[in-house]
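Heads up, the thing below is written out as structure tokens.
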Amino acid sequence: MKKTIGGQLGEELKAGFAAAFGEAAGAGVGIEAVPSTNDRFGDYQCNAAMGLAKKLGQPPRVIAQQWAEAVNARGFARCEVAGPGFLNLTLPEAVLGAQLEAMQAEGGLPVEQSGAGRTMILDYSSPNVAKPMHVAHIRSTVIGDALKRIFRAQGYQVLADNHLGDWGTQFGILIMGFRHFLDEAALAASPIDELQRVYVLSHQKGEEDAAWKEQCRTELVKLQAGDPENLALWHKFIDLSLAEFNRLYGRLGVEFDLTRGESFYNAALPEVVERLQQAGLVRESEGAQVAFLEEEGLPPCIVRKSDGGFNYATTDVATVLSRMEEFAPERIVYVTDERQQLHFKQFFVLVRKLGVKVSLEHVWFGLMRLPEGLLSTRNGTAIKLEKLLDEAERRALEMVKASSPDMPAAQQAAVAHAVGIGAVKYADLSQNPQSAVTFTWEKAMAMDGNSAPYLQYAHARIASVQDKYRERFPEGSYADAPLAAALADPAARKLGVRLARLPDVVAEAARLCRPSVLADALYEVAQLYSSFYQNVPFLKAEAGIRESRIRLCALTAAALKQGLSLLGIEAPDRI
Ligand code: ARG
């Protein structure tokens, strides 16, 4: 595919403008075609004429009229003037058909390679050792994984880095708890739960018992000094936690290229503070090294505590420096919940002031709510992610057994896995990440709403139309049937326009770091398909047009499948 449809229309508008008003008049003016909000206004729109009135000394409508004539003279798209000077663009069926055929030739949903030759690091999931991953963590994991797939589709070399929380004062407390309160059987059965339990006991004891608290501190200092016994315990905590995290990642189909905890950067921390001092970015205050960021309108940030310990921000600055040296990325994108916004703002300033050239981006999301209340990572009553996935797969299996009672059990289980996990992921991905999500099973599993099961069933039904065609017309072939012929019907044309937009939608989802943009577009495609299917005969249509329509079905199925896979969601051919 040479160009996305939005890209081509943008070029047509620019060329038309240059023809009507001269190359120079358009310099520095943002001219682009954006999808119409309403089909009455054509397939795409442009409102640039409004902003050009002053520059050209003519009323917008007059500009728009001359402009539209020039665009029409080029013959690619039909251009009409509306209202005070809007340009409405409509794609001729031949152009739309050709675009859809180009998409199909490249597998259904080709993506512009704007990331080719570029490296970026994606920092996501990043749970804390010895603490259970809760439902709120799923957002970072699921959104991060979708972003990884989307950026990779753009050609980026993406390094997925799981920045584990594996260092800090909690380890002194945990070591004491582990030595004194451990239940071996419980540890074998559910390691993180048991680590969490002994941690809580030890922490509580420390609140009441000053000597215990002191001992916790001593164990921490020993660990930091490399005491072999404490180091071995610490490694054990990490191994046990990672085994459990990895089991979850396996279920979610999420993979990382690097799993580097905060501890990986420990040795570099003193030097980071020195660099910050040399650059005049921190100064001493009450025994601590503090970065004052009032110029940026941010509160001060402690990079070294008065007891000599380092902070979260120090580690993150060290992490950037290390990543720059080793991988030289153009961008580092972090995915966490909204509560960390200040932290990222602060250390981004420090990195920038150190003169490091890299684009640092924080993608934050709201916390997920269940009807019963807030699910925060720091809240002991949170439902664990694993339980949620179990329940999702159980519900999905019921659905699959009802819809395909004679499917072999192993296949039913595989489909239930795809549907259940897909439902939980999509419940996250389909939301604007920056709003609080209320998770309900009704919504996540809805067969008639914006859910993964809805899209997966739609995909399977569309795929089955092709099977039916092959059964009924074993000699027939739709592979080369012209797609333009299917577009004469209004329902088919609407579907075609939405399909043609998908490559631009993927680029937009990447630009905004917002997978929900893609989810919304896929949902719209599935809905338009169903009105196409209800309004237009397929197998009963006359030969020729029948093949064109089946080919449009095939493209729809392929695009949905690829779009879902960019979200990390499987689309089985049968459900
Ligand atoms: N471990 C942190 C938490 O669970 C998230 C780390 C995010 N990544 C980073 N480079 N700070 O809150």
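Roughly to the nearest percent, how much of the accessible area of the stretch 85-191 is carbon and sulfur, given a 1.4 Å probe? Don't skip to the answer; put the middle values down first.
Details: 1630 of 3160 Å².
That fraction is 51 percent.
Taking Rh as the Kirkwood radius, which is the inverse of the mean 1/r over Cα pairs, what is the Rg/Rh value for the stretch 1-46? Don't skip to the end; give the middle numbers.
On the way: Rg = 11.7 Å, Rh = 11.4 Å.
Taking Rg over the Kirkwood Rh, I get 1.03.
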Where does the stretch 122-275 land on Rg/Rh, using Cα atoms and the Kirkwood Rh?
-> 1.03
Report the label-to-label distance for Arg217 and Leu182 in nanometres (one decimal), using points 7 Å from each Cα along the Cα→Cβ vector.
-> 2.6 nm
Taking the simple approach of a point 7 Å from Cα along Cα-to-Cβ for both Lys2 and Asp573, what is their distance in nm?
-> 3.4 nm
Hits in the stretch 163-203: amide N under 20 Å from the 7 Å Cα→Cβ extension of Glu391, namely 193
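What's the ranking of 517-523, 290-296 by average number of surrounding C-beta atoms within 10 Å, highest first?
On the way: 517-523: 22.4, 290-296: 14.6.
By packing density, highest mean first, the sequence is 517-523, 290-296.
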Please sort 330-337, 536-543 by packing, taking for each peptide the average over its residues of neighbouring beta carbons within 10 angstrom, highest first.
-> 330-337, 536-543
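For the chain, compute Rh as the Kirkwood radius over C-alpha pairs and then the Stokes-Einstein diffusion coefficient at 37 °C and 0.692 mPa s; write the answer in µm²/s, rounded to an integer. Working shown, then result.
Working: Rh = 27.0 Å.
In µm²/s, the coefficient is 122.
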Using the beta-carbon distance between Glu80 and Asn535 and R0 = 22 Å, what value does 1/(1 + (r/R0)^6) give for FRET efficiency, to the nearest 0.05?
-> 0.25
Taking 0.36 nm per residue of separation between Thr119 and Ala18 and subtracting their Cα-Cα distance, the length gained on full extension comes to 32.8 nm
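Could you state, as a whole-number percent, how many of the C-alpha pairs of the stretch 262-420 are farther apart than 18 Å?
Every Cα pair in the stretch 262-420 considered, those over 18 Å come to 69 percent.
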Please list the non-local residues whose amide H lies under 5 Å from the amide H of Gln45, H modeled 1.01 Å from N, same-chain partners needing a gap of 5 or more.
-> Val34, Ser36, Leu89
Over all Cα pairs of the stretch 489-564, the Kirkwood radius sets Rh, and Rg/Rh then becomes 1.04
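Considering only DSSP beta bridges whose two residues both sit in the chain, what percent are antiparallel, to the nearest 5?
Numbers: 21 of 41 bridges.
Around 50 percent of the beta bridges assigned by DSSP in the chain are antiparallel ones.
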Please give, to one decimal in nm, the separation of the simple spin-label points placed at Ala102 and Asn72, each 7 Å out from Cα toward the Cβ.
-> 2.5 nm
Hey, could you pull the Cα Rg and Dmax for the stretch 87-127, both in Å?
-> 17.4, 51
Ignoring any ligand, DNA or RNA, what whole percent of the accessible area of the stretch 257-362 comes from carbon and sulfur when the probe is 1.4 angstrom?
-> 46 percent
Running Debye on the stretch 53-126 with equal point scatterers at the Cα sites and no solvent, what base-10 log of I(q)/I(0) appears at q = 0.16, 0.25, 0.27 Å⁻¹?
-> -0.78, -1.08, -1.15
In deg cm²/dmol, rounded to 500, what helix-only [θ] at 222 nm does the chain give when every DSSP H run of at least 4 residues adds -39500 (n - 2.57) and the total is split over its residues?
-> -18500 deg cm²/dmol
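Hey, which of these cross-link pairs are over 27 Å Cα-Cα: Lys213/Lys236; Lys148/Lys561; Lys222/Lys387?
Values: Lys213/Lys236 22 Å; Lys148/Lys561 17 Å; Lys222/Lys387 37 Å.
Listed pairs above 27 Å: Lys222/Lys387.
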Quick one: accessible area per residue over the chain, 1.4 Å probe, rounded to a whole number of Å²?
-> 43 Å²
How big, in percent, is the set of alpha carbon pairs in the stretch 1-126 lying more than 17 Å apart?
-> 61 percent
Report relative contact order for the chain in percent, whole number only (criteria: Cα-Cα under 8 Å, sequence separation at least 6).
-> 16 percent
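The values are calculated or read from the model by the stated rules, or taken from the named source; none is laboratory data. Predicted model only: the values in this text are computed from it and were never measured. Methodologically, a virtual Cβ is constructed for each residue, glycine included, from the backbone with ideal geometry; neighbour enumeration extends over all protein chains shown. Note: areas computed on protein heavy atoms with side chains; ligands, DNA, RNA excluded. Shrake-Rupley method; radii C 1.70, N 1.55, O 1.52, S 1.80 Å.
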